[in-house]
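Reviewing the structure listed below.
The values are calculated or read from the model by the stated rules, or taken from the named source; none is laboratory data. Not measured: the values here are computed from a predicted model. Quick reminder, even Gly has a Cβ in these numbers, built from the backbone with ideal geometry, and neighbours come from all protein chains shown.
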Amino acid sequence: MNQTVVSYLSQYEFYDHILALFGNNQGVLAFVIYAVLALVIVGMCATIGGLGTYAERKISADLQARLGPNRVGPYGLLQMLADGVKMMTKEDIMPFSADKALFYLAPLLCLTGVFATLAVLPFSSGFIMADLNVGIFYLVAISSLVGLGVFLGGYASNSKWSMLGGMRGASQIISYEIPVTISILAIVLLSGGMGFGTIVGSQGGLPHQWFMFHNPFAFLAFFVYGVGALAETNRAPFDLPEAESELVSGYHTEYTGMRFGFFALAEYIEVFVVCGVAAALFLGGYNVPGISIDILPMQAVQFVIFMTKTLLLYYVVIWIRWTLPRLRVDQLMSVCWKYLTPMAILNLIGCATWMVVFNGKSIAELILGSH
């Protein structure tokens, strides 16, 4: 049976007391737990998305010897609230000749695709909505809604700038999904399962127990995944769909108010998701170094470790944006099809060969002779 937050909590005595308060109706209690957890996760990630805009400004300011936001609240921390109020109070304008239904649907598709991926993101061994045995398959499938939303946003606007941005976004996301998915499959080979619980459980808390350092091919797969994830999330130097020097503002040129805010929020939450997936697949996830006991207080420790790894990768993503110049569209596709995709295939074959030749042992196990 697949591990869920409900099945995890049912191990403890307090669950029976709470169940009694609901008249021993497990269905109602499960619904309440899922609803509360969904609200917590969505609220937390929406906050992280808002703080991501603040972090982007502060980090870029630091890299460029500026101050960044410093007027609204202490150290400018309330800037994201000011931005939210501005988005909600701005007039919602739609072009006269736009496709109304698709124009409204596009930002919701992006947001839905991002939020749906949070269902399988393993914040800790118990703090996960559902540890599906096809978690990787679900993640890759549901995240494709973002690419659809980007394309529809450009198509429905009936603007040549938006249409070019949407077409760029669709081709870019579809192309880079290939090396990203193949890199993920290399980790599936190493762990022997497609569930995030299986993948994280196959690793340890110490760096030499992470899949990133399992073998040279997995090490390369981490960087192929990282570059591909940057392109999939439309982050610089791969932000061609919204290249303001060429397309005004790309696929969301015609969007204003909260609909534009939905696109921006979806982008920042998606960055958090791909960083969290990288932490789970390559960096040991929530595993605590030297401690394997799974008791309720340890959930907080596991959560802190997972968030620390994820937010460090988030910082690197922002750092890269304000360091490297934007690629041309032909260079963008060349990087994907001429370099990343062949490297990803080579890494997949290399990991499979390594598993056969060395009986699944990592470099550390071969050197040290123990796990």
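List of remarks:
- Close pairs (8 angstrom Cβ cut-off, 6 or more residues apart or separate chains): within 10 Å of GLY50 (Cα to Cα) in the range 259-270, assigned to a helix (DSSP H, G or I) and hydroxyl-bearing (Ser, Thr, Tyr) anywhere: ALA264/THR53; TYR268/THR53
- Some residue of the range 187-205 being within 22 Å of LEU109 (Cβ to Cβ) and either part of a helix (DSSP H, G or I) or not basic (Lys, Arg) (or both): no
- Pairs linking a residue in the range 315-336 that is under 18 Å from ARG168 (Cβ atoms) to a residue that is polar (S, T, N, Q) and not in a loop (DSSP other than H, G, I, E, B), with Cβ atoms under 6 Å and 6 or more positions apart or on different chains, are CYS336/SER175.
- Of all residues in the range 34-48, those that are within 17 Å of PHE303 (Cβ to Cβ) and surrounded by 13 or more Cβ atoms within 10 Å (Cβ to Cβ) total 7.
- Pick from the range 263-283, criterion over 26 Å from VAL6 (Cα atoms) and among the small types (Gly, Ala, Ser), ranking: modelled with the highest pLDDT: ALA266
- Only listed residue being surrounded by fewer than 17 Cβ atoms within 10 Å (Cβ to Cβ) and polar (S, T, N, Q), chosen from GLN26, GLN79: GLN26
- Test: residue in the range 115-132 that is over 17 Å from the mean Cα position of the chain (by Cα), assigned to a helix (DSSP H, G or I) and crowded, with 17+ Cβ neighbours inside 10 Å: no
- Unique residue being part of a helix (DSSP H, G or I), modelled with pLDDT of 90 or more, crowded, with 18+ Cβ neighbours inside 10 Å and among the aromatic types (Phe, Trp, Tyr) when the list is TYR339, TYR314, TYR286: TYR314
- Inspection of the range 320-331 finds no residue satisfying the criterion of being at pLDDT 95 or above, under 20 Å from PHE282 (Cα atoms) and part of a helix (DSSP H, G or I).
- Checked against (1) over 30 Å from VAL304 (Cβ atoms); (2) touching a residue at least 12 places away in the same chain (Cβ under 8 Å); (3) not β-branched (Val, Ile, Thr), ARG66 passes all but a single condition, namely (2).
- Complete set of residues in the range 85-101 that are in a helix (DSSP H, G or I) and either free of Cβ contacts under 8 Å to residues at least 40 places away in the same chain or surrounded by fewer than 17 Cβ atoms within 10 Å (Cβ to Cβ) (or both): VAL85, LYS86, MET88, THR89, LYS100, ALA101
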